[in-house]
1. Inspect region 47-57 for any residue being at pLDDT 95 or above, small (Gly, Ala, Ser), in a loop (DSSP other than H, G, I, E, B) and at positive phi and give the result as yes or no.
2. Step by step: first the residues of region 61-74, then only those that are out of contact with any strand residue (DSSP E or B) (no Cβ under 9 Å at 6 or more places or on another chain) and surrounded by 12 or more Cβ atoms within 10 Å (Cβ to Cβ), then the one that is farthest from Phe28 (Cα to Cα). Which residue is that?
3. Can you tell me how many residues in region 87-99 are assigned to a loop (DSSP other than H, G, I, E, B) and buried (at least 21 other Cβ atoms within 10 Å of the Cβ)?
4. For region 83-94, which residues satisfy the criterion of being at pLDDT 95 or above and over 12 Å from Val29 (Cα atoms)?
5. Output the qualifying pairs, or none if there are none: Cβ atoms under 9 angstrom, residues six or more apart or on different chains, first residue in region 74-86 and part of a helix (DSSP H, G or I), second residue of a type in the set (Gly, Ala, Ser) and exposed (fewer than 15 other Cβ atoms within 10 Å of the Cβ).
6. Can you tell me which residue within region 100-113, out of those that are of a type in the set (Gly, Ala, Ser) and surrounded by 13 or more Cβ atoms within 10 Å (Cβ to Cβ), is farthest from Phe55 (Cα to Cα)?
7. Of everything in region 100-113 that's in a loop (DSSP other than H, G, I, E, B) and in contact with a Lys or Arg (Cβ under 7 Å, 6 or more places away or on another chain), which residue is nearest to Asn34 (Cα to Cα)?
8. Which condition breaks for Val116 when tested against (1) surrounded by 13 or more Cβ atoms within 10 Å (Cβ to Cβ); (2) in a loop (DSSP other than H, G, I, E, B); (3) modelled with pLDDT of 95 or more?
Amino acid sequence: MRVFSLIAALALICGIAAADDAATKVVFVCEHGNVKSLMAASYFNQLAAQRGLPFHAVSRGVAPDSTTVPTAIVAGLHTDGFDVSDFHPAKISSADVAGAARTVAISTDVPASVHVDEQAIERWTDVPPASSDYDAARASLQAHVAALLDRLASK
């Protein structure tokens with residue numbers, strides 16, 4: 001009986017940890033999951049850590065079309081202090097966004113098959129293409145990320 005109680009207590013603790021983890025998760029989504037959402041997640045995680053905030057971000061794509069990151073984006077993010085050479089894009093799913101603090105769709109729409117809480121979604125439609133103007137995309141994403149963290153921290 002004591003073992004059962006211990007297992008039940010551990011399950012409860014793990015369940016609470018998983019719920020807390022989801023509540024601090026931000027999901028960035030772009031078309032392929034290896035450029036704008038990856039850049040945003042990288043900047044977000046760095047800034048959240050600098051501010052001592054509990055939030056963390058992941059990058060997802062609506063329609064990933066490769067298993068790598070474009071060379072120019074790897075180089076740009078490397079210049080910004082990030083090593084994404086081992087990153088592999090993943091397709092967004094309902095499990096990714098379940099309970100997330102925020103889902104951010106960057107220049108795309110979340111597929112109807114992915115059930116996103118409309119109260120927890122943002123759409124950033126003004127981010128320039130990083131493939132043609134990395135600096136402009138970086139500036140736009142960094143401004144959006146800073147504003148998002150301000151909003152999340154004030155809740």
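The values are calculated or read from the model by the stated rules, or taken from the named source; none is laboratory data. Quantities reported herein were computed from a predicted structural model and do not represent experimental measurements. Here Cβ is always computed from backbone atoms with ideal geometry, including for glycine, and neighbour counts include all displayed protein chains.
1. yes
2. Ala72
3. Final tally of qualifying residues: 2.
4. The answer is Asp83, Val84, Phe87, His88, Ser94.
5. As it stands, the answer is Val74/Ser85; His78/Ser85, since those pairs meet every condition given.
6. Out of the qualifying residues, it is Ser107.
7. Per the stated criteria, the residue is Ser107.
8. So Val116 meets the others, but not (3).
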